[in-house]
Amino acid sequence: MKYVSGPYFEPDFDPLLDRFGTPGVVVDNETREDCTLVKVDSVNRDGVLLEMVQLLTDLDLVISKSYISSDGGWLMDVFHVTDQIGRKLTDPSLPEFIQRALVPSFHRAGAGRPSPKFTTCLGNVVGPGGPDVSDCAALEFTVHDRPGLLSSITSVLADNGCHVASGQAWTHNGRAAGVLYVTASGGGAAAAMNPGRWVRIERLVNAVVDARENVTGERRWVRASEPVQGRVHTERRLHQLMHDDRDYESGPAPTPVDEELFSMGEKAATARTARRAETRVSIDGWEERGYAVVKMTSRDRPRLLFDTVCALTDMHYVVFHATVGSQGPLAIQEYYIRHKDGRTVDSNAERQKVARCLVAAVERRATHGMRVEVRAADRSGLLSDFTRVLREHGLSLLRVELKRHKDEAVGIFYLVTDTGGEVRSEAVRAVQTRVAEMDISLNIVKEAPGWPPVRKTSVPAPPVGGPQAQERPRPSLGTLLWSHLGKLSNNFSSIRS
């Protein structure tokens with residue numbers, strides 16, 4: 001099926017206001033056989049690039065390449081995308097959903113219209129800001145990482161009648177951060193909305209964290225907040241928490257990139273990059289244009305583009321142009337940026353800090369440890385029970401992703417031993433046997449479902465000349481810009497994001 005959608009506009013908006021105030025979205029399945037091109041043009045308001053990347057990521061789409069240009073107050077982006085198993089996008093409601101999700105009025109309560117929803121290829125239902133957690137309280141924390149940390153925190157929640165509905169936790173450079181969405185056990189609305197309840201929970205979690213810290217002056221932060229509309233996206237919030245916790249300060253200074261990788265072809269680069277998958281960053285100035293030029297190479301992985309753009313946005317840098325792709329196993333990213341106040345990255349100290357922050361943003365989600373998937377009927381105390389079993393068997397958590405699917409709780413856990421070593425199969429079998437008694441299923445997952453996606457061999461776009469060439473109208477400025485963006489974006493191979 002070949003399907004091209006033009007820009008969708010709300011029929012009851014004034015067309016002229018639509019054109020200049022509402023993003024135009026084109027889903028193009030004609031240009032390439034191996035992927036769909038999602039093209040977005042919009043007024044370049046603050047944060048719109050991150051919203052676009054976040055939205056495509058939440059839709060469980062794989063961004064294989066992108067080209068971004070936003071000079072002159074107008075933003076025009078091209079994203080090469082597939083679903084998680086390498087298929088093109090053919091749902092005709094997708095352009096409307098993307099456009100409505102990017103309109104600022106839909107992010108505000110009382111906009112007068114229901115928030116748009118979309119069911120992804122993996123069956124997840126998402127809205128403009130990701131899964132809806134507005135009915136949950138939030139427990140956020142940053143603390144020194146140690147074995148049994150999540151077990152201790154979830155035990156406090158379970159003992160005080162709280163149920164963890166969803167959430168995530170990350171570790172990096174000896175630090176841990178988490179965002180857990182919590183409801184009152186039994187679904188009591190009054191208890192869930194009582195501010196005093198969450199003040200008490202915050203105090204108890206702080207006490208547990210404090211009791212287990214042995215380092216004088218060790219920094220930690222815990223906050224419990226009642227349900228609220230319009231929360232910051234969970235993964236963006238985790239990046240903010242770890243950045244505020246200064247996890248980027250540890251370790252050696254980032255290694256500069258190999259400049260030749262930005263010009264050589266994929267075949268020539270594959271052998272060269274096989275041993276250079278560590279994250280590298282270089283930052284230079286382009287004084288004539290007033291940009292700082294950020295070049296990054298790292299191992300290709302899902303959600304990489306989101307993590308990078310998130311870090312730049314939260315450091316208050318604006319991306320004016322960017323090209324993103326890959327060469328063999330290595331992701332290649334290049335950004336032309338300025339600070340919101342118009343500065344470039346002026347001093348060596350600032351360049352070092354930005355480089356460290358970008359490396360940290362990439363490495364926080366780097367896949368280490370044994371990946372297991374856990375499923376069970378959702379119930380109070382489930383996470384506390386499971387993490388207690390892990391602690392009893394000498395296993396620690398590197399990363400956790402929790403969600404609900406109807407009445408089932410689903411969790412992805414990345415495991416290592418308490419000493420940071422590789423988990424042996426005997427330990428996993430012992431945990432499987434133990435949790436089976438609690439009606440919890442545990443399975444080892446070697447790769448993410450459908451990852452990496454299977455892609456067809458790409459074919460070039462049809463030649464410009466042809467039978468219909470005589471009838472083409474004179475191209476507009478926008479058409480010429482899109483053509484230029486498409487040519488530039490085709491210079492890169494795919495990045496898995």
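Derivation of every value follows stated rules applied to the coordinates shown; laboratory data play no part. Just so it is clear, the model here is predicted, and its values are computed rather than measured. Every residue, glycine as well, gets a Cβ built from its backbone with ideal geometry; the counts of neighbours run over all protein chains shown.
Considering only DSSP states other than H, G, I, E and B, which trypsin sites (Lys or Arg not before Pro) in the range 31-73 qualify as loop sites with at most 16 other Cβ atoms within 10 Å? Spell out each step's value before the answer.
Details: sites: 32, 39, 45, 65; in loops: 32, 45.
Taking the range 31-73 and a limit of 16 other Cβ atoms within 10 Å, the loop trypsin sites (Lys or Arg not before Pro) found are 45.
Taking the range 241-394 as the region of interest, what is the percent of Cα-Cα pairs per 5 angstrom bin, listed from the shortest bin to the one with the maximum distance?
Computed distribution, short to long bins: 2, 8, 16, 18, 16, 12, 9, 6, 6, 5, 2, 0, 0.
What is the calculated FRET efficiency for residue 208 to residue 93, with r their C-beta to C-beta distance and R₀ = 41 Å, to the nearest 0.05? Could you put the intermediate results ahead of the total?
Numbers: r = 46 Å, r/R0 = 1.13.
Efficiency, rounded to the nearest 0.05: 0.35.
Sequence-distant or interchain residues sharing an amide H contact under 5 Å with residue 381, placed H: which?
164
Between residue 347 and residue 418, how high is the FRET efficiency from 1/(1 + (r/R0)^6) when r is the Cβ-Cβ distance and R₀ = 56 Å? Nearest 0.05.
Numbers: r = 42 Å, r/R0 = 0.74.
It comes to 0.85.
With each label point set 7 Å from Cα along the Cα-Cβ vector, what nm distance links residue 160 and residue 259?
Modelled inter-label distance: 5.6 nm.
Cα centroid distance between the range 34-67 and the range 291-307, in Å?
Computed from Cα coordinates, the inter-centre distance equals 15 Å.
Binning at 10 Å from 0, report for the range 364-424 what percent of all alpha-carbon pair distances ends up in each bin.
Each 10 Å bin holds this share of Cα pairs: 21, 52, 25, 2.
For the residue pair residue 117 and residue 85, what label-to-label distance in nm results when each label sits 7 Å from Cα along the Cα-to-beta-carbon direction?
Each label point is offset 7 Å from its Cα along the Cβ direction, giving 2.4 nm.
Calculate the FRET efficiency for residue 219 and residue 433 from the Cβ-Cβ distance with a Förster distance of 41 Å, rounded to the nearest 0.05.
Values: r = 39 Å, r/R0 = 0.95.
With a Förster radius of 41 Å, E is 0.55.
Once you place label points 7 Å from the Cα toward the Cβ at residue 405 and residue 367, how far apart are they in nm?
Rounded to a tenth, the inter-label distance reads 1.7 nm.
How many angstrom lie between the Cα centre of the range 344-385 and the Cα centre of the range 421-435?
Computed from Cα coordinates, the inter-centre distance equals 24 Å.
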